[in-house]
Every structure is written in structure tokens, then in C-alpha cells.
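Down below is the structure, laid out as C-alpha cells.
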Amino acid sequence: MLKIAVIGLGDISKIHIPAIQANPHAVLTAVCDLDESFRNTVPDVNFYTDYQEMLNKESLDCVHVCLPHYLHYPVTKFCVENGVHVFLEKPLSLNTEEGLALVKLEEELQAKICICFQNRYNESFELLQEIIASGEFGKMIGIKGLVPWFRPKEYYDVKPWRGKMELAGGGVMINQALHTLDLMQLLGGEIDSIRGSIDQLLDYGIEVEDTASAHIHFKNGAKGLFFATNANAENSSVELEVSFEKGKFNIKDSILTKIDIDGKKEYLIEDAKMPGTKFYYGASHNKLINQFYTAIINNSQNYVKVKDALTSIKMIDAIRQSSEEKRIIKMEEL
């Protein structure tokens with residue numbers, strides 16, 4: 001039985017904890033948060049306010065890191081250096097440099113660090129990958145990823161680190177649209193270059209971007225269009241569309257749709273959904289968590305590794321650098 005702990009009891013931990021408790025091969029042993037008010041939120045589990053003390057006192061197999069972005073690297077480093085595997089909430093890191101440090105750590109210590117890119121395991125995306133692999137619809141022409149969301153000023157006021165570049169590593173790209181960037185690169189393959197633009201359309205007085213766009217050149221010849229904003233009037237559906245010579249496929253409202261060259265639509269599959277207001281998190285956390293636990297038990301490599309998640313961080317850095325320097329950024333520059 002794997003002994004599991006969670007560090008950070010904010011919003012996202014409410015997705016992780018039920019998944020841990022539902023796994024027949026794991027037991028939630030301890031939780032940790034600086035805020036003492038969380039002490040009794042998880043019954044019959046040891047509570048700590050210091051994660052280093054927790055690791056020293058508990059015999060743990062895996063820790064879920066559900067902390068603000070700037071704590072991802074130091075906490076993950078401490079865990080793996082103490083022989084504990086890590087399930088790390090996105091993002092991987094604040095930037096490419098920090099991401100590369102985690103890659104080195106993963107390789108040198110032979111640690112298992114799984115990055116929480118659960119949307120890779122959505123039913124719609126898995127089927128779309130199978131369709132692309134079949135080659136049935138010809139050459140890939142383009143990929144479009146749209147994230148038209150809304151965040152009020154209170155979102156940043158309640159947790160000020162979200163609006164600070166040094167602590168968050170960015171705004172809408174790293175916080176709301178990271179999954180979309182990850183899925184785009186997973187579908188399109190290796191990226192040659194990116195021309196991007198970031199801006200603040202909202203008068204929130206924050207350092208990070210609330211809107212970003214990019215034109216992506218994939219090495220297979222396909223073109224990518226990425227657009228994300230927190231300045232929409234509401235949270236509209238994320239959209240992911242792939243165009244081929246013989247038709248296109250669109251994921252919107254968690255439904256994969258096939259669109260023939262004559263415009264005829266065919267609904268193929270719908271993702272399982274989480275109940276409640278956080279439905280947009282998707283329902284695939286359980287799949288990825290279970291897969292990672294199996295990898296720990298069997299000492300296998302079937303999970304989302306640090307190096308797998310690094311490309312999305314490089315994309316963000318490229319878009320930011322491109323916007324600042326007003327030029328195309330070759331991925332090899334990063």
C-alpha cells in the first residue's frame with residue numbers, strides 16, 4: 001500500500017484528495033499547509049504546517065505538490081532528494097531554466113516526478129490522437145487552440161502571488177492556458193518557431209499578462225494559432241481544432257466533432273465531466289494519478305515526466321520573448 005501525502009490544501013487539493021482516497025493501492029497518510037485553519041479538513045490524517053517536518057516524521061512513497069508556482073521547484077527538489085516520488089500540479093516550473101533544473105534532478109536521482117497534465121487523458125483527446133496516428137485524413141494543415149475565460153480582479157486580490165511575475169511565472173498562459181499549449185504541441189509535434197504577443201486588456205494593476213496570442217510553426221509544416229484571455233465576459237469553452245487535407249476535428253464543450261470537407265458534422269465522443277463549478281478541470285485526474293501509482297508500484301515509466309512537460313514552458317517563454325523583442329523566436333534558442 002502506497003503511503004501518500006498532500007502539500008497545499010487550496011482549491012486543487014480538493015480534486016487530488018478524493019482521487020487518492022479512491023485508489024485501492026494508496027492510503028492518504030498526511031497533509032500539510034501553512035494555514036492552521038485546514039487542520040481538521042481531512043479527518044483521520046496527520047496534519048503538518050512544515051513539509052520538511054512531515055517528510056522527516058512520515059514514511060512516504062509519494063507526495064502531491066499542490067502549491068503556488070514559485071514553490072514547485074524547491075518543494076519537489078526536497079521531496080525527491082529525500083527519496084519520495086512527486087505528483088506535481090501544473091505548471092512544471094516558473095520558466096525554462098527552472099524546468100531544465102528539474103529535468104536534471106529527475107535524471108540524476110532517477111526520481112519519479114509526474115506532472116499533472118490530466119487533459120491528455122480526456123476521452124476526446126485520446127481518440128483525436130488515434131485519428132491523427134491513423135493518417136486517414138491526410139497531412140495535418142493546422143492546429144487552433146482557444147481559451148476565452150474570465151477572471152475578476154478579486155481572483156488576484158485574494159491570492160496576490162497570482163499577479164506577480166516572480167511568483168507566478170506569468171498569467172493566463174501559465175495559469176489558465178497551459179493545458180491547451182501542452183495539447184497543441186502533443187498533436188503538432190516538434191515546434192520550429194513561434195511569433196507571439198502578450199498584453200493586459202484589464203486594468204487590474206498586476207504584472208502578469210491577461211491575454212496572449214501566438215502563431216506557431218511546427219516542423220511538419222503545420223501552422224498553429226493560439227489565443228488565450230482572462231478578459232472574456234465569462235468562462236467560455238476551451239476549443240482545440242485540428243485541420244487536415246481531408247477534413248477537420250474539433251473539441252469544444254468536451255465533445256470531439258468530425259467535420260467533413262463538405263461541412264457535415266459528426267459527434268464522436270464526449271468527455272466524462274466533474275460535477276460542480278470546477279467542471280472545466282476535466283475528470284481525468286483520477287486516470288493520471290492511478291497511472292502514476294501503478295508506475296511507482298511496478299517501477300515503470302508510463303506517466304507524464306518532467307521532460308514531457310518542458311515543451312509547454314518553453315512555448316510560454318518563446319511567446320513572451322517574441323512579444324518583448326517583436327520577432328520570431330526559434331525554439332532552439334531556448
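How high is the FRET efficiency between Ile261 and Thr41 when r is their beta carbon distance and R₀ equals 51 Å, given to the nearest 0.05?
Details: r = 53 Å, r/R0 = 1.05.
Once rounded, the FRET efficiency stands at 0.45.
Do you know the relative contact order of the chain, to the nearest whole percent, from alpha carbon pairs under 8 angstrom that are 6+ apart?
Relative CO of the chain lands at 19 percent.
Arrange the residues Glu130, Glu266, Glu97 by how much accessible surface each exposes, largest first, with a 1.4 angstrom probe.
Largest accessible area first, the residues go Glu97, Glu130, Glu266.
Pop out the ³J(HN,Hα) list for segment 168-185 in order, Karplus 6.51 cos²θ - 1.76 cosθ + 1.60 with θ = phi - 60°, rounded to Hz; leave Gly and Pro as x.
After applying 6.51 cos²θ - 1.76 cosθ + 1.60, I find 9, x, x, x, 4, 5, 8, 9, 9, 10, 4, 4, 5, 4, 4, 5, 4, 6 Hz.
Say each of Glu97 and Trp161 gets a label point 7 Å from the Cα, pointing the same way as Cα to Cβ; how far apart are those two points in nm?
Those two pseudo-labels are separated by 2.0 nm.
Carbon and sulfur together cover what percent of the accessible area of the chain at a 1.4 Å probe radius?
Roughly 49 percent, rounded to a whole number.
Report the net charge of residues surrounding Asp260, where surrounding means a beta-carbon distance below 10 angstrom and charges are Lys +1, Arg +1, Asp -1, Glu -1.
My count for the surroundings of Asp260 gives +3.
So for the chain, what are the equivalent ellipsoid semi-axes in whole Å, largest first, each being the square root of 5 times an eigenvalue of the Cα gyration tensor?
Over the Cα atoms of the chain, the semi-axes work out to 33, 23, 20 Å.
Amide H of Gln200: which non-local residues (sequence gap of 5 or more, or other chain) have their own amide H closer than 5 Å, using H built in the peptide plane?
Long-range HN contacts for Gln200: Asp210.
Count the net charge of all other residues whose Cβ sits under 10 Å from the Cβ of Ser13, scoring Lys and Arg as +1 and Asp and Glu as -1.
Values: positive: Lys14; negative: Asp11, Asp33, Glu89.
Here the charged neighbours net out to -2.
From the phi of every residue in segment 124-136, what ³J(HN,Hα) in whole Hz does the Karplus formula 6.51 cos²θ - 1.76 cosθ + 1.60 yield, where θ is phi - 60° and glycine or proline is x?
Couplings: 5, 6, 4, 5, 4, 4, 5, 5, 4, 5, 5, x, 5 Hz.
Using only alpha carbon positions, build the gyration tensor of segment 184-259, then give the equivalent ellipsoid semi-axes as the square roots of 5 times its eigenvalues, largest first, whole angstrom.
Equivalent ellipsoid of segment 184-259: 26, 18, 8 Å, largest first.
With a cut-off of at most 10 other beta carbons within 10 Å, and DSSP calling the residue loop, which GluC sites (Glu not before Pro) in segment 182-233 qualify? Please list them.
Taking segment 182-233 and a limit of 10 other Cβ atoms within 10 Å, the loop GluC sites (Glu not before Pro) found are Glu190.
Determine the relative contact order of segment 49-164: mean sequence separation of Cα pairs under 8 Å and six or more apart, normalised by residue count, in whole percent.
Numbers: 83 pairs, mean separation 21.9, N = 116.
Relative contact order for segment 49-164 comes out at 19 percent.
Taking Cα atoms, how many degrees apart are the long axis of helix 306-325 and the longest axis of the chain, rounded to 10 and kept between 0 and 90?
60 degrees
The values are calculated or read from the model by the stated rules, or taken from the named source; none is laboratory data. Nothing here was measured: the structure is a model prediction, and the numbers come from that model. Virtual Cβ from ideal backbone geometry, glycine too; neighbours counted across all protein chains shown. Please note that ligands, DNA and RNA were not included when accessible areas were found on the heavy atoms of the full protein model with its side chains. Shrake-Rupley method; radii C 1.70, N 1.55, O 1.52, S 1.80 Å.
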